[in-house]
Amino acid sequence: MMPIRDVVIFPFMMTPFVVGRESSVRALEEAMAGDKKIFLATQHDASIDEPKPNEIYNVGTIVNIVQSLKLPDGNIKVLVEGVERARIVSVTTDEGFFRAMVRTFNFKVEAGAQLDSLVSRVTTLFEQYVKLSQNLNYETMVAAIRVDDPGKLSDTVGANLQLTIEEKQELLEIFDPIDRLTRVAEVLDIEIEKLNVDRTIQGRVKRQMEKAQKEYYLNEKIKAIQKELGRGEKSEIDELKKKIESAGMTKDAYEKAHAELKRLENMPPMSAESTVSRNYLDWLLAVPWKKRSKEIRQLKFAREVLEADHYGLEKIKERILEFLAVRRLVKNPRGSILCFVGPPGVGKTSLGMSIAKATGRKFVRMSLGGVRDEAEIRGHRRTYIGALPGQIIQMMKKAGTRNPVFMLDEVDKMSMDFRGDPSAALLEVLDPEQNYMFVDHYLDVEYDLSQVFFVATANVLHTIPPALQDRMEVIRLSGYTELEKLEIAKRFLVKKQLQETGLDLKQLEFTDEGLQALIQGYTREAGVRNLEREVGNVCRKVTRKVVDQQGSKEKLKKVVLTPDLLPDLLGPAKFRDLQAEKKNEVGAATGLAWTEVGGQILTTEATLMEGRGKLTITGKLGDVMQESAQAAMSYIRSRAASFGLPRDFYRHLDVHLHVPEGAIPKDGPSAGITIATTICSALTSIPVRGDVAMTGEITLRGRVLPIGGLKEKLLAAHRHGIFEAILPKDNQKDLPDIPENIRASMKLHFVESMDEVLRFALEREISAVPLSAGQTGAGIGQAADDKLTH
């Protein structure tokens, strides 16, 4: 017996191998000296040089030594032919080699349909296996399995399968030919499935390799063409290197750009990752790092530009000129952050463009209305597909300079959701202490925004977070007076609309009286947008007449817009002159309110009904306004005697307070004195003067507190034809903000208490003699209860 390594010998198979171990050589020589038969059994562990009997498999193969050849190195090359399998009964060691007593088994196989089916199945499976395998010759193998003996068939197939030593030994140890053939069929099924999977993977890899080879071939061809054109093989990378060197980046950005360029150089040009890197480098190079606009610092020129573009707005113009004056004296001042707050149509956005024009800077505008994603400001990280920098960096790229005028339009209309709060992201942008190192998520490097002139616009302040308000210098823009609107129409709107409708001054002329009538009868706003629309309507009507007259012989006369012509062109006036409506009435007073679109007048009505002292408040009033009504009622009850009212008048009366235009929400404390005057008038039957408007907060003691939006409220009163107003005394400090022509045309009463308000607001003074309960203002009530005490 000779133990063998790394091979299992099957019966009927011719197998060559080399014998080198001394014990194996002796066993081989002993066999050659006899009948040339030797028993070969595989050892468990191939690394053991001298295995013991228990380290050798019990089942092996008896073989005939067909040929042996001694090699120069002392080893012997042997060719053996398997005869039959046998199981070891006992092993002895004799003269340095193994002798084994083995038992062979003879199985008779009966022919039948089952055997034929099994043989046919194994033959078919093996043919499939050979076709899929690249290591076996198809013709040779097919010829080898054309045998009638099922045992020989199973051994031939088993010997040629690509199996492990353990799997082959398992087949060798099955003595029954039918069982062995069944096992071979199972093994063939598994091996064919493996080969199919391998072939699929191989095909996929091959296709990918072919695609990569094709791309490589085309890229090499492109490089060769570029070389012929004199552009060099690495022209794109070299060009990017030059751009990075000349971009003037910060140290951090420079290092990041070089690292990204090195990665790009090592990537396949057609890979998706290289596209991401290239896009990143493009954005890094597109942002202005050192380019600046040359500023115009001449105050005279800036004033001329601002005067030419806008009429009025003196406070804003002064602030811009102050900014320019500072820049003339300070070499590197910080960027300014202004916030224009005012009603729509007063020129907030166009002011930003004028600032850019006056200072010689580029102008970019970003609308924040409806923005609710923090990434809109800071951008997306590069891990996301299709990531881009935020709007701040995109607009800086658009500007192309480090010091543009950057307008953040509608900053009060931002919102927030699960994607973050953009107003919080703006805190860094609008803070001069932080924005010199602004970090966009996409670029991921610090970028200096300190040279940018930020201008924000808003209609209201209360929707802007306090922290954001704190970072901006708020400048309020009030509504325009009728005189200012007239000048704006004459200087800007008429010229613009004539140009847009193809007319000239020979065909249409706007008179001052016509424009005044247009402003009073067809617009009622703080700004001039509706006025521009109405001027455009007039121009279009005249344009239609011009076109209609072109085919006729009659020559169209020049149209001169006068107040009498307006109804023919625009229809009846949309707004009436409220001066004619102002009659002195009981239980009705005119208040002044401030809204997002400017100042408005607010009529307040009160009526008395028989009841039990209930105060009903209607007109969609907010909580603050309702509380003002309660405070006014409490004040009147506490001062009943001084107003000539019974102490218990409220026990027999219900008061209904209403503010018309009930669908419009109203709130705020500034209607306090208006409500108190209205209720007092209703209770005392003294009419309120119709030509007086009023505003102010009331306390329970009858003191009048200051209010906001004074300029807008007085403009509203003036616009509605009311030229007398009652105002809190503490608001006297705001008078310089009121246009001179408004102050000159209006009579203003500054008061500290309700007694003064009533003295100016009511038609006559209130009698201090208490009336009986049946003599209250509306004549409704019952006799007072003499026993009633407070």
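A few points about this structure:
- Compactness ratio for region 285-325: Cα radius of gyration over 2.2 N^0.38 Å (N = residue count) comes to 1.53.
- Taking a sphere under 13 Å around the Cβ of residue 470 and counting the other residues whose Cβ falls inside, with K and R at +1 and D and E at -1, yields a net charge of -2.
- Counting only lysines at least 8 places from residue 206 when in the same chain, those with an alpha carbon closer than 26 Å to its own are 131, 194, 214, 221, 223.
- Value at 222 nm in deg cm²/dmol, rounded to 500, when DSSP H runs of n ≥ 4 in the chain each add -39,500 (n - 2.57): -13000 deg cm²/dmol
- Computing FRET efficiency as 1/(1 + (r/R0)^6) for residue 746 and residue 439, where r is the C-beta to C-beta distance and R0 is 30 Å, gives about 0.05.
- Proximal charge balance of residue 432 [Cβ under 10 Å; K/R count +1, D/E count -1]: 0
- Sorting the segments 387-397, 615-625 by their mean number of nearby beta carbons within 10 angstrom, highest to lowest, gives 387-397, 615-625.
- Label of the coordinate-derived value, volume of the Cα convex hull per residue in Å³, listed as [x] 191; [y] 182; [z] 428: [z]
- A simple packing score, the average count of other Cβ atoms within 10 Å per residue, orders the peptides 163-169, 473-479 as 473-479, 163-169, with the highest score first.
- Note on residue 490 and residue 463: with the Förster distance fixed at 51 Å, the Cβ-Cβ geometry gives a FRET efficiency of about 0.90.
- Full-extension gain in nm, residue 685 to residue 164, via 0.36 nm per residue minus C-alpha separation: 175.9 nm
- Centre separation in Å (Cα based) which lies between region 689-759 and region 1-24: 119 Å
- Gyration tensor (alpha-carbon) shape descriptor, region 1-106, a/c threshold 1.5: rounded
- Candidate cross-link partners of residue 545 among the lysines, defined by an alpha-carbon separation under 30 Å and a same-chain spacing of 8 or more, comprise 485, 490, 495, 496, 506, 553, 555, 557, 558, 574.
- Gain on full stretching of the segment that runs from residue 565 to residue 196 - 0.36 nm per residue minus C-alpha separation: 123.6 nm
- 3J(HN,Hα) couplings calculated from phi for region 732-741 with the Karplus curve 6.51 cos²θ - 1.76 cosθ + 1.60 (θ = phi - 60°) are, in sequence order, 4, 5, 7, 4, x, 6, 7, x, 4, 5 Hz; Gly and Pro show x.
- Mean Cα-pair separation over length for region 558-717, i.e. relative contact order, pairs under 8 Å, 6 or more apart, %: 34 percent
- Dipole moment magnitude, nearest 20 debye, the chain about Cα centre, only Lys, Arg, Asp, Glu C-beta charged: 3720 debye
- Amide H contacts of residue 603: 591, each under 5 Å away and 5 or more positions distant or on a separate chain (H built 1.01 Å from N in the peptide plane; Pro and chain starts excluded).
- Relative contact order [Cα under 8 Å, 6+ residues apart], the chain, whole percent: 7 percent
- Apportionment of accessible area to carbon and sulfur, the chain, percent (1.4 Å): 50 percent
- For the chain, share of DSSP beta bridges that run antiparallel, in % to the nearest 5: 55 percent
- Rolling a 1.4 Å probe across the protein heavy atoms gives region 69-113 an accessible surface of 71 Å² per residue.
- Computed over neighbours whose Cβ is under 10 Å from that of residue 12, the net charge equals -3, Lys and Arg +1, Asp and Glu -1.
- Its Cα gyration tensor gives region 103-260 an equivalent ellipsoid; the semi-axes, largest first and in whole Å, are 64, 18, 11.
- Protection proxy ranking, peptides 107-118, 299-310, 730-741, 453-464, average beta carbon neighbours within 10 Å, highest first: 453-464, 299-310, 730-741, 107-118
- Alpha-carbon centroids, region 118-177 and region 55-77: separation in whole Å: 23 Å
- The C-alpha atoms of the chain define a longest principal axis, and helix 251-266 lies at about 40 degrees to it.
- Measuring nothing but how far apart in sequence close Cα pairs (under 8 Å, 6+ apart) lie, relative to its length, region 243-316 scores a relative contact order of 34 percent.
- Count of Lys pairs (Cα-Cα under 18 Å; at least 8 positions apart or interchain) in region 654-749: 9
- Taking 27 Å as the straight-line reach from the Cα of residue 251, the lysines in range (excluding those fewer than 8 positions away in the same chain) are 234, 241, 242, 243, 262, 290, 291, 294, 331, 362, 397, 398.
- Rounded if a/c under 1.5, otherwise prolate or oblate - region 364-465, Cα gyration tensor axes: oblate
- Sequence-distant residues sharing a close amide H with residue 12 (under 5 Å, placed H): 82, 83
- A 1.4 Å probe run over region 578-735, with the rest of the protein chains in place, finds 40 Å² accessible per residue.
- Computing FRET efficiency as 1/(1 + (r/R0)^6) for residue 730 and residue 416, where r is the C-beta to C-beta distance and R0 is 35 Å, gives about 0.45.
- Per residue, in Å², the accessible surface of region 182-276 once ligands and nucleic acids are set aside, probe 1.4 Å: 75 Å²
The values are calculated or read from the model by the stated rules, or taken from the named source; none is laboratory data. In this text the structure is predicted, and so the values were computed from the model without any measurement. Neighbour counts run over all protein chains shown; Cβ positions are idealised from the backbone, glycine included. Heads up: the accessible areas ignore ligands, DNA and RNA and are worked out on the full protein's heavy atoms, side chains in. Shrake-Rupley method; radii C 1.70, N 1.55, O 1.52, S 1.80 Å.
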